[in-house]
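The values are calculated or read from the model by the stated rules, or taken from the named source; none is laboratory data. On a predicted model such as this, the values are computed, not experimentally measured, just so you know. Counting neighbours? That spans all protein chains shown, and the Cβs are built from the backbone with ideal geometry, glycine included.
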Ligand code: ADP
Ligand code: MG
Ligand code: ZN
């Protein structure tokens, strides 16, 4: 009895703490929104300087729309408005639009507070209920339906991720006319996974898909499904899909899929509950096989930890990369967000974009809002280049603390490293054609050189494997030749090159040791290399890798101009596709041997 009492107390306390956390989270998230809270004195000064276009008296707070398009809110001292009868005439004189929100009509803030109070009561009640009867409750939170009154978000609002947009277009077409798709007998897409770092526009892209197709958008987050009470997560999943099936067609968006979709079989405290939730999700996804146009769009920045069952055909089987934007992309994103502010005619967005490498779409949206605020504070009617630059410095500082952006020295090194890979790949006849090279950081990699085979390769020739090794060496060689140093950035290249060479010697019989398999001992094959063989294998592997190194060294050493030109262009625009690279190399006298794969 005594311990039961204790548990009850502990549970109630947990509920309290959870609700408190929710309140703090709510406040934090609403403020992170584009509306910024400013001091009341600053607000008065803004009015004074003529920077305010519209004020809305909402309950306790004043929301103001600035001439620059930015939104701010402030809270006046208690009774200020009543005690200063000149305030309203003053606003009228200044031709500021005045909106008063009726107190009986609950605003967004009140709604939030109401919901929280309800959630708190619900949580406490549910806790008591659970403790007293011990039955599994069916506490639910309804999937949030995106509000219909605001203009729908469309592809126009998403910029700098053209490849991702192209990939999801087909799904939009399907959602527009699911029956037609089914009649033709085409494979109906069921799920897409948007993969990319935070703030790159995954949520935005998902929303725009719904907007483009004109279908409802059911928003949920993996975190919503993770509860410590058994069965709650699974029942929420069921509810979500039941809600979805009420619509002719719709998008179910699951943000942070990794929160619920982690690989099963872990041994964390709540793993049983999560597995149950995940299983339910899989069941639901299989369930709507023949039903109408429901598409699950999920987002994550950790695809590697997802349960493989989720990614199987017929489930979330398509992955779309949503990466950080390159120069052109950043310019386009700035353009999207500047549509909403009054911009000085002399502003060149390309220049601002050039000064913001490594920033995500969310960072850029933030930058534009900051600039609008700065302009308003200074009493300017339009946002100038100086405002944008000051805002950029402010945003960059925040980003650097997150250590996302590379230092300039790292960028230069990365550009030469990738140029090294690319030039070797372009000059070797047996290599796959170049597809794309970028120096935009993604995950742990600072840059990427991508090649795509012209057709699927099922077997590899010795020439091809040797070319692979030389290309891998190209990065390190370029660092040595052009930077006069070596960096740790080549470690993965070196590992992969060594692996290939080892395979060539030990499995493929492509060395002077002849067509023999050399295996290291393992449990089921207690056969080990003789000491002599091991030594000869090592020296063969070293020879093959060093051969690749010398090939790369010769090619890069005799085409320095081409490498420099390519690196310079990469620094400028951050990503180049295969044909652009070949043009640069050819106009700098490099004997290109290899085509490029289109786009
Ligand atoms: P994610 O879901 O990838 O973390 P969000 O979609 O939530 O990113 O992006 C947050 C905000 O940043 C968006 O609402 C939008 O204002 C801005 N943003 C991010 N990416 C883009 C983009 N590619 N184009 C335009 N705006 C963007
Ligand atoms: Mg998001
Ligand atoms: Zn490399």
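To keep it simple, each residue is scored yes or no on (1) at pLDDT below 95; (2) within 16 Å of ligand 2 (Cβ to nearest atom); (3) assigned by TED's automatic domain parsing to the domain that holds residue 537; (4) assigned to a helix (DSSP H, G or I).
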| position | (1), (2), (3), (4) |
| --- | --- |
| 460 | yes, no, yes, no |
| 466 | no, no, yes, yes |
| 475 | no, no, yes, yes |
| 480 | no, no, yes, yes |
| 485 | yes, no, yes, no |
| 491 | yes, no, yes, yes |
| 495 | yes, no, yes, yes |
| 499 | yes, no, yes, yes |
| 502 | yes, no, yes, yes |
inquiry  = Residue under question is residue 196, and the condition is that it be assigned by TED's automatic domain parsing to the domain that holds residue 297, buried (at least 22 other Cβ atoms within 10 Å of the Cβ), closer than 30 Å to residue 573 by Cα and within 16 Å of ligand 2 (Cβ to nearest atom); does it hold?
reply    = yes
inquiry  = Please go through the range 332-348 and give me each residue that is modelled with pLDDT under 95 and under 28 Å from residue 410 (Cβ atoms), ordered by number.
reply    = 348
request  = Test residue 471 against the criterion of being over 22 Å from residue 561 (Cα atoms) and away from ligand 1 (no atom under 16 Å from the Cβ), and give yes or no.
outcome  = no
inquiry  = Condition first: over 14 Å from the mean Cα position of the chain (by Cα), crowded, with 21+ Cβ neighbours inside 10 Å and under 15 Å from residue 202 (Cβ atoms). Now tell me which residues in the range 298-321 satisfy that.
reply    = 306, 316
request  = Would you mind stating whether residue 481 is farther than 27 Å from residue 329 by Cβ, surrounded by 20 or more Cβ atoms within 10 Å (Cβ to Cβ) and more than 16 Å from ligand 1 (Cβ to nearest atom)?
outcome  = no
query = So which residues in the range 188-204 are in contact with a helix residue (DSSP H, G or I) (Cβ under 9 Å, 6 or more places away or on another chain) and more than 7 Å from ligand 1 (Cβ to nearest atom), if there are any at all?
reply = 188, 189, 190, 191, 192, 193, 194, 195
key: Candidate set: the range 344-386, residues that are under 25 Å from residue 197 (Cβ atoms) and part of a loop (DSSP other than H, G, I, E, B); chosen: the one farthest from ligand 1 (Cβ to nearest atom)   = 355
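Evaluate the following for residue 539: is it surrounded by fewer than 16 Cβ atoms within 10 Å (Cβ to Cβ), more than 39 Å from the chain's Cα centre (by Cα) and more than 30 Å from residue 583 (Cβ to Cβ)? Quick ask: steps written out before the conclusion?
On the way: surrounded by fewer than 16 Cβ atoms within 10 Å (Cβ to Cβ): yes; more than 39 Å from the chain's Cα centre (by Cα): yes; more than 30 Å from residue 583 (Cβ to Cβ): yes.
Yes: the conditions hold for residue 539.
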task = Within the range 544-563, work out how many residues are free of Cβ contacts under 8 Å to residues at least 12 places away in the same chain and more than 16 Å from residue 427 (Cβ to Cβ).
result = 1
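The rows are residues; the columns are (1) surrounded by 19 or more Cβ atoms within 10 Å (Cβ to Cβ); (2) at pLDDT below 95; (3) not assigned by TED's automatic domain parsing to the domain that holds residue 480.
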residue: 535; (1), (2), (3): no, yes, no
residue: 548; (1), (2), (3): yes, no, no
residue: 552; (1), (2), (3): yes, no, no
residue: 556; (1), (2), (3): yes, no, no
residue: 560; (1), (2), (3): no, no, no
residue: 568; (1), (2), (3): no, no, no
